[in-house]
Amino acid sequence: MNLIFLGPPGAGKGTQAEMFAAARGLKQLSTGEMLRAAVKAGTEVGKRADAVMKTGGLVSDDIVIGIIADRIDEPDCQGGFILDGFPRTLAQASALDRLLDEKGKTLDAVVEIRVDDAALIERISGRYSCAKCGAGYHDLHKQPKTEGVCDQCGATEFTRRADDNAETVKKRLLAYYRETAPLIGYYYAKDHLKSVDGMAAIDDVARQIDQALS
Ligand code: ADP
Ligand code: ADP
Ligand code: ZN
């Protein structure tokens, strides 16, 4: 099964993609994570992406399309994947259509996670993750079972994203409404869209996604 998880920054795409991928044996592909890894590694792509990500804008289509084109060819994606944070523009969506066509793959569904703007800001301000394995947490809504210890890997170091600050978040929201929200109509017209109420608790959203895709 090949899926897209679509929604504004902080909607819960990563949280739900992580859970759904683990339950169904799919590979989660987050372009945000891949770009952050490239920035950390100091690659040419990382250098170009860094400046843009800091301001809350979108990295150029050719960079992210190139990353995804290479990544979905890897063996670990052949059993199905979840695109988390890609596509984010209409140009990326049509490039993805062409890519899948060329590779003889199909898109099974696009899961849209709907969340109010005020809740997005609150979710992003409380977001942090395990420094070792990347598992996602929230100060109020998703704390580790043992305080200060990652549920997934037992590590005790956590990090917060540099772009998860009040000022950048507004710019990321603007980029979402300008560039990404049109994809909802695009995938609705293609009969791919499944919308879920992302305002519900994490487990409830997971149940909705499970039902929508069963
Ligand atoms: P969020 O989880 O808050 O939606 P991501 O981790 O998906 O954020 O993305 C972080 C940043 O990486 C974005 O603000 C953008 O600069 C860049 N980015 C990630 N995916 C894409 C994409 N598909 N197209 C352009 N830029 C992207
Ligand atoms: P995205 O990948 O869409 O940017 P995340 O999955 O990183 O969003 O979620 C943003 C923050 O909100 C994280 O700290 C996460 O733990 C928390 N979160 C995710 N889903 C919910 C939910 N349904 N209710 C409350 N908090 C949530
Ligand atoms: Zn961990």
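Residue pairs whose Cβ atoms lie under 8 Å apart, separated by 6 or more positions or on different chains, with the first residue in region 87-111 and hydroxyl-bearing (S, T, Y) and the second more than 16 Å from ligand 2 (Cβ to nearest atom), are T89/D61; T106/N2; T106/L100.
So that you can scan it fast, the table gives a plain yes or no per residue for (1) over 17 Å from the mean Cα position of the chain (by Cα); (2) within 21 Å of S195 (Cα to Cα); (3) not β-branched (V, I, T):
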| position | (1), (2), (3) |
| --- | --- |
| K105 | yes, no, yes |
| A109 | no, yes, yes |
| R114 | no, yes, yes |
| S129 | no, no, yes |
| K132 | yes, no, yes |
| A135 | no, no, yes |
| H141 | yes, no, yes |
| G148 | yes, no, yes |
| D151 | yes, no, yes |
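Does I121 satisfy being open to solvent by 30 Å² or more (accessible area, probe 1.4 Å) and outside any loop (DSSP other than H, G, I, E, B)? Spelling it out, I121 is indeed open to solvent by 30 Å² or more (accessible area, probe 1.4 Å) and outside any loop (DSSP other than H, G, I, E, B). Kindly indicate whether any position in region 34-41 is closer than 21 Å to I4 by Cβ and either open to solvent by less than 50 Å² (accessible area, probe 1.4 Å) or touching a Gly at 6+ places or on another chain (Cβ under 6 Å) (or both). Within region 34-41 (the criterion being closer than 21 Å to I4 by Cβ and either open to solvent by less than 50 Å² (accessible area, probe 1.4 Å) or touching a Gly at 6+ places or on another chain (Cβ under 6 Å) (or both)), the answer is yes, since at least one residue qualifies. Of all the residues in region 190-214, those that are free of Cβ contacts under 8 Å to residues at least 60 places away in the same chain and not in a loop (DSSP other than H, G, I, E, B) number 5. Take A49 and decide whether it is crowded, with 18+ Cβ neighbours inside 10 Å and in contact with a Ser or Thr (Cβ under 9 Å, 6 or more places away or on another chain). For A49, the condition - crowded, with 18+ Cβ neighbours inside 10 Å and in contact with a Ser or Thr (Cβ under 9 Å, 6 or more places away or on another chain) - is met.
Taking P144, is it touching a Ser or Thr at 6+ places or on another chain (Cβ under 9 Å), open to solvent by less than 60 Å² (accessible area, probe 1.4 Å) and within 16 Å of ligand 2 (Cβ to nearest atom)? Here the answer is no, as P144 does not meet what is asked.
Residues that are assigned to a helix (DSSP H, G or I), in contact with a Phe, Trp or Tyr (Cβ under 7 Å, 6 or more places away or on another chain) and closer than 20 Å to K171 by Cα within region 44-86 comprise just one, V64.
With the structure loaded, tell me whether Q78 is within 16 Å of ligand 2 (Cβ to nearest atom) and open to solvent by 30 Å² or more (accessible area, probe 1.4 Å) or whether it fails that test. Criteria not met by Q78.
The values are calculated or read from the model by the stated rules, or taken from the named source; none is laboratory data. All figures in this text were calculated on a predicted structure; none of them were measured in a lab. We place every Cβ from the backbone using ideal geometry, glycine too, and count neighbours over all the protein chains shown. Surface accessibility is based on the protein's heavy atoms, side chains included, excluding ligands, DNA and RNA. Shrake-Rupley method; radii C 1.70, N 1.55, O 1.52, S 1.80 Å.
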